[in-house]
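Undergrad: One structure coming up, written as structure tokens, with questions to follow.
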Amino acid sequence: MHQHCATAARHVQRSQRNTATVGLARAQQAGAVRPDLRIPELMAILTAVCMAAEHNQWDTGLRTATLAIVFDGLRPQHAPPGVL
């Protein structure tokens, strides 16, 4: 990979991680996301789902159902459905 492209890719990755960190903190403060979720787990979950959906060409129904299950798992046990 060209050095400039590698540098740009690292910058984008760092920016996405920073954005996710802020978003996760806000969601946890609002009680919408379980308090034990950390950025490494969140990024791993989202990356895995996105890669699987792209690689296997999931249709809209499967993507929607899968994300509903993932989001349900991210929600605190006491949060009512629809919060996340």
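The values are calculated or read from the model by the stated rules, or taken from the named source; none is laboratory data. Keep in mind that what you see is a predicted model, and the values were worked out from it rather than measured. Positions of Cβ are backbone-derived with ideal geometry, glycine not excepted, and every protein chain shown enters the neighbour counts.
Undergrad: Quick check, is His4 modelled with pLDDT under 95, of a type outside the set (S, T, N, Q) and surrounded by fewer than 10 Cβ atoms within 10 Å (Cβ to Cβ)?
TA: On the way: modelled with pLDDT under 95: yes; of a type outside the set (S, T, N, Q): yes; surrounded by fewer than 10 Cβ atoms within 10 Å (Cβ to Cβ): yes.
Yes.
Undergrad: Can you confirm whether Thr21 is surrounded by 14 or more Cβ atoms within 10 Å (Cβ to Cβ) and hydroxyl-bearing (Ser, Thr, Tyr)? Don't jump to the end; show me each part of the working.
TA: Working: surrounded by 14 or more Cβ atoms within 10 Å (Cβ to Cβ): yes; hydroxyl-bearing (Ser, Thr, Tyr): yes.
Judged against the criteria, Thr21 is a match.
Undergrad: Does Gln77 satisfy the condition of being surrounded by 11 or more Cβ atoms within 10 Å (Cβ to Cβ), at pLDDT below 95 and either on the phi > 0 side of the Ramachandran plot or polar (S, T, N, Q) (or both)? Working first, answer last.
TA: Working: surrounded by 11 or more Cβ atoms within 10 Å (Cβ to Cβ): no; at pLDDT below 95: yes; either on the phi > 0 side of the Ramachandran plot or polar (S, T, N, Q) (or both): yes.
Judged against the criteria, Gln77 is not a match.
Undergrad: Filter the range 39-76 down to the residues that are in contact with a helix residue (DSSP H, G or I) (Cβ under 9 Å, 6 or more places away or on another chain), small (Gly, Ala, Ser) and within 22 Å of Val22 (Cβ to Cβ) and list them by number.
TA: Gly73
Undergrad: Of all the residues that make up the range 24-37, how many are surrounded by 12 or more Cβ atoms within 10 Å (Cβ to Cβ) and over 11 Å from Arg75 (Cα atoms)? Spell out how you get there, then give the answer.
TA: Looking only at the range 24-37, we keep the residues that are surrounded by 12 or more Cβ atoms within 10 Å (Cβ to Cβ), and these are 24-25, 27-28, 31-34, 37.
Still in the running and over 11 Å from Arg75 (Cα atoms): 24-25.
Qualifying residue count for the region: 2.
Undergrad: Quick test for you: out of Leu24, Leu37, pick the one residue that is out of contact with any His (no Cβ under 7 Å at 6 or more places or on another chain), among the hydrophobic types (A, V, I, L, M, F, W, C) and touching a residue at least 24 places away in the same chain (Cβ under 8 Å).
TA: Values: Leu24 fails: touching a residue at least 24 places away in the same chain (Cβ under 8 Å).
Only one candidate passes the filter, namely Leu37.
Undergrad: In this structure, does Gln16 turn out to be farther than 14 Å from Leu74 by Cβ, without any contact (Cβ under 8 Å) to a residue 40 or more places away in the chain and under 12 Å from the mean Cα position of the chain (by Cα)?
TA: Working: farther than 14 Å from Leu74 by Cβ: yes; without any contact (Cβ under 8 Å) to a residue 40 or more places away in the chain: yes; under 12 Å from the mean Cα position of the chain (by Cα): yes.
For Gln16, the condition - farther than 14 Å from Leu74 by Cβ, without any contact (Cβ under 8 Å) to a residue 40 or more places away in the chain and under 12 Å from the mean Cα position of the chain (by Cα) - is met.
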